[in-house]
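Let me begin by presenting the structure, written as C-alpha cells, before commenting on it.
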Amino acid sequence: MTTQNSAQRPALRSQHLSQITDEVHTRLGVMVEAHAPFETRENFARFVVAQYSFLSELAALHNDAELTAIIPDLPARCRAAAVKADLADLDTEVPEPVAGALSNPSKAQALGWLFVSEGSKLGAGILIKRAMGLGLSDTFGARHLGEPTGGRGQGWKAFIKTINELQLSAEEEAELDQGAIDAFNRFTVLLEQAYATAPEIA
C-alpha cells in the first residue's frame, strides 16, 4: 500500500531536495530583491559580501577527501577565490567571519549544502546579466557569477546525477535534507548581516 508521504515524494532525490527547500528558497529570493543589489555598485558590494561569507564557509568542503571521492571535480567547483577577487574589484574589505558557520558536518549534511551552492550557479546566469548593467562582468566584480567550466547546465546535470545515484541510509537522507535547508537559512543570516551595515572601503 502506498502511503501519502511516498506518493508525494518525487522519484529523484534532487527533485525532492528542490521541493523541500522551495519555501525557504522563495523567501530568500524575495529578501535579495528587497535589498536591490543591482541598483548600485554599493548595494551589489553588500550582496558580494554575503556571497563571500557563504562560499568561504564551504571552501573546506570542496577539498574534503571523502567528498572529492564522490565528486572528483569538487575542488574546481569552489568559487571562494573568485568571490574574494570580486570584493577587491569593488574596493570592499573581506568581511570578518560570522558566528554560526558550518562545522564538521556529516558527509550527507555536506552534500546538502553543496546542493544549494551548486544550484545557485544556475540562477547566477540571470544575476550576472543584471550585474553587467553596473559595468561588472565575469572578469571584474562579478567573477563568482560567471559561467563554470563546461557550462552551467552540464555542471549541474553531472552533480545531480551523482546525488541521485548515491546509496544513502534513512538517517543520511534526513541529514541531506536538513543540510540543504540549513544552507538556505545560513545564507539568509549572512545576507541580513551584509546589509546591516555599509561595507568597509579598502
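Mean residue ellipticity at 222 nm, helices only, the chain: -20500 deg cm²/dmol; runs of at least 4 DSSP H residues each add -39,500 (n - 2.57), and the sum is divided by the number of residues. Straight-line reach from Lys129: taking Cα to Cα under 23 Å and skipping same-chain neighbours fewer than 8 places apart, the lysines in range are Lys84, Lys121, Lys157. The long axis of helix 41-58 is offset from the longest Cα principal axis of the chain by roughly 40 degrees. Built from the Cα atoms of segment 155-199, the convex hull projects on average onto 4.4 nm², one quarter of its surface area. Remark on Ser137: its backbone amide H falls under 5 Å from those of Ala142, a criterion applied only to residues 5 or more positions apart or on other chains, H modelled at 1.01 Å from N. Per residue, the Cα convex hull of segment 22-196 amounts to 109 Å³.
Between Thr92 and Ala202, the built amide H atoms are under 5 Å apart, and every one of these is 5 or more places off in sequence or on another chain. Annotation note: GluC sites (Glu not before Pro) in segment 4-104 located in DSSP loop regions with a Cβ neighbour count of at most 15 within 10 Å are Glu39, Glu93.
Readers should treat all values here as calculations from the given coordinates under stated rules, not as data from a laboratory. Note that the structure is a prediction, hence the values are computed from the model and not measured. Glycine also receives a Cβ, built like all others from the backbone with ideal geometry; neighbour counts cover every protein chain displayed.
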